[in-house]
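Here the structure comes first, spelled out in structure tokens, and everything after it is commentary.
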């Protein structure tokens, strides 16, 4: 199915997520520094955001940096936190402030290991786009699924609320997003790695051996075509 036909499908996912894996390995195979892989991965990400928007998919979540990624080499962490994410946020601000795009950030941005200018830029962008009702872009930075669940529980305890699924979901970072339909993970790993565990309860999973910098438009269409062929039962029996 080509892009035009795919765009017309009534069964397109409403919310997809990327676990963008393999930037460092992509660079290593080419004898390049890991930072070069992250730069290439950022270029891929910018293209993929536009492909997803052009298809008419409403929500996109991106696993950029996990709570466990702090254990990576300090040089790589510093590059991501001091350069890459600041540049990413600035580019998003320049591109999307005048478009119907809302940007939220899932993850603990109050962690004192995050550069203050990165935190301020992210919070400012989220604030300036919070009224928009079109496409929702959700970069997940310093995100951990278990951390998110504990945060939601503690929020509800403080509020004294009776906990049910609806109010619990309202306390998650993704409260204003549609249910997560499809998770795409690149570079051959086949696990969620603490990414959106509550939201992914009935998500479809798609794994590809392609490293993220090599994940192109054709690969995205292949993943979504695969999704469209699945019979989503949500625990029920459908003949």
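List of remarks:
- Taking the criterion of being assigned to a loop (DSSP other than H, G, I, E, B), surrounded by fewer than 15 Cβ atoms within 10 Å (Cβ to Cβ) and under 19 Å from the mean Cα position of the chain (by Cα), the residues of segment 112-136 that qualify are 130, 133, 134.
Listed here are the residues, each with its yes/no results for (1) touching a strand residue (DSSP E or B) at 6+ places or on another chain (Cβ under 8 Å); (2) within 18 Å of residue 106 (Cα to Cα).
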{"position": "130", "(1), (2)": "yes, yes"}
{"position": "136", "(1), (2)": "yes, yes"}
{"position": "139", "(1), (2)": "yes, yes"}
{"position": "174", "(1), (2)": "yes, yes"}
{"position": "179", "(1), (2)": "yes, yes"}
{"position": "206", "(1), (2)": "yes, no"}
{"position": "216", "(1), (2)": "no, no"}
{"position": "219", "(1), (2)": "no, no"}
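- Taking segment 211-239 as the range and being crowded, with 17+ Cβ neighbours inside 10 Å and in a loop (DSSP other than H, G, I, E, B) as the test, the residues that pass are 211, 215.
- Test for residue 207: is it without any contact (Cβ under 8 Å) to a residue 40 or more places away in the chain, buried (at least 16 other Cβ atoms within 10 Å of the Cβ) and within 19 Å of the chain's Cα centre (by Cα): yes
- Per this entry, residue 89 is not counted among residues that are in contact (Cβ under 8 Å) with a residue 24 or more places away in the chain and outside any helix (DSSP H, G or I).
- Qualifying residues in segment 157-182 (those that are more than 19 Å from residue 16 (Cβ to Cβ) and part of a loop (DSSP other than H, G, I, E, B)) - the one modelled with the highest pLDDT: 171
- As a summary of the residue check, residue 154 satisfies the conditions (1) surrounded by 14 or more Cβ atoms within 10 Å (Cβ to Cβ); (2) assigned to a helix (DSSP H, G or I) except for the one numbered (1).
- Check on residue 109, within 28 Å of residue 150 (Cβ to Cβ), assigned to a loop (DSSP other than H, G, I, E, B), in contact with a helix residue (DSSP H, G or I) (Cβ under 9 Å, 6 or more places away or on another chain) and in contact (Cβ under 8 Å) with a residue 24 or more places away in the chain: yes
The values are calculated or read from the model by the stated rules, or taken from the named source; none is laboratory data. This is a predicted model, so every value here is computed, not measured. FYI the Cβ positions are ideal-geometry reconstructions off the backbone, even for glycines, and counts take in every protein chain you see.
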